[in-house]
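Everything on this sheet refers to the single structure shown next.
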Amino acid sequence: MHAKDRGKYRLKANYKQLLNNNRIFYTERLIIRPYTIKDVDDVFEYANDDETVKYLTWTTHKTKDQTIRVINQFYLNNPCLYAIELKSNNKCIGTIDFRIDEQNDKASFGYVLNREYWNKGYMSETLRELMKFYFEVIVLNRLESTHYVGNGASGKVMQKCNMKYEGRGIQEVKIKGVFFDVEHYAIVKDAWKY
């Protein structure tokens, strides 16, 4: 086994430890961190907004109790799911989550942002910082994501982070009773620049 291959196998055994040891990231305007139950009001604010969740697989939250359940069940113990906090007001304005495919040294990701903070570069700033982590520390080879046709702003985030368009799946998913075409983007480590 070559030395570079030993490093890959060591990573697979220790990636959870690496994730747990690297939980908070700082950018110029943001803190990317684990969720706490104190985020419930901020999460409910965007999870309760039909326009914000229009292209997501889940429906709007109707009550704060629903948001509390989601945070407790899915957000608190997921080392690959991050709250995006605005430094200027300590407000959680969105989330980004990564799903690692260990066998193929890659991850897919998705994100949502409170619409009051759209078009300000926050999601691109978040994604760039986490791409650096997943390529340099977790040592993945590929990051990929999709967005539904109609949600071009999400595609612009990926393009700003130098992801390459890989194609369109025609009526690939059915979300909330509607079939959507899906745009696919990816970037490999060799093409990535911070």
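The values are calculated or read from the model by the stated rules, or taken from the named source; none is laboratory data. Bear in mind that the values here come from a model prediction, so they are computed numbers and not experimental data. Reconstructed Cβ throughout: ideal geometry from the backbone, glycine too, with neighbour counts over all protein chains shown. Only protein heavy atoms, including side chains, enter the accessible area calculation; ligands, DNA and RNA are left aside. Shrake-Rupley method; radii C 1.70, N 1.55, O 1.52, S 1.80 Å.
Computed with a 1.4 Å probe on the full set of protein chains, the accessible area for ASP41 sits at about 80 Å². Pull up the DSSP beta bridges for the chain and report the antiparallel fraction as a percent, rounded to 5. Antiparallel bridges make up about 90 percent of those DSSP assigns within the chain.
Let's test the formula: R0 of 30 Å, r as the Cβ-Cβ distance of PHE25 and ASP50. What FRET efficiency results, to the nearest 0.05? Approximately 0.50, to the nearest 0.05.
The convex hull drawn around the Cα atoms of the range 67-133, when projected onto a plane and averaged over every direction, covers 5.4 nm². Hey, with R₀ at 30 Å, roughly what FRET efficiency would ILE170 and GLU102 work out to, going by the Cβ-Cβ distance, to 0.05? The pair ILE170/GLU102 has a calculated efficiency of 0.50. For the chain, complete DSSP H runs whose alpha carbons reach 18 Å or more along their own long axis and whose mean Kyte-Doolittle score is -0.5 or higher are 122-136. Springs join every pair of Cα atoms under 10 Å in this Gaussian network model of the chain, and among LYS87, LYS64, LYS174 the largest mean-square fluctuation is at LYS174. Applying 1/(1 + (r/R0)^6) with r as the Cβ-Cβ distance of LYS16 and PHE74 and R0 = 22 angstrom yields a FRET efficiency of 0.80. Between the range 142-194 and the range 23-100, what's the alpha-carbon centroid distance in Å? Taking the Cα centre of the range 23-100 as reference, the centre of the range 142-194 is 21 Å away. Which of (1) 1.04; (2) 1.13; (3) 0.97 is the computed Cα Rg over 2.2 N^0.38 Å for the structure on display? Comparing each candidate, only (1) matches the computed number. Applying the Kirkwood pairwise sum to the alpha-carbon positions of the range 98-194 produces a hydrodynamic radius of 14.0 angstrom.
Solvent-accessible surface of the chain, averaged per residue with a 1.4 angstrom probe and all protein chains in place: 55 square angstrom. Hey, what D do you get for the range 110-154 in µm²/s if you plug the Kirkwood alpha-carbon radius into Stokes-Einstein at 25 °C and 0.890 mPa s? For the chosen part, D equals 204 µm²/s.
Under a 5 Å amide H cut-off, with hydrogens placed 1.01 Å from N, LYS91 pairs with LEU86 among residues at least 5 apart or on other chains.
The packing ranking of peptides 143-153, 159-169, 19-29, 101-111, highest mean first, is 143-153, 101-111, 159-169, 19-29, where packing means the average number of other beta carbon atoms within 10 angstrom of each residue. Cross-link partners for LYS132 among the lysines, with Cα-Cα distance under 16 Å and sequence neighbours closer than 8 places in the same chain left out: LYS106, LYS160, LYS189, LYS193.
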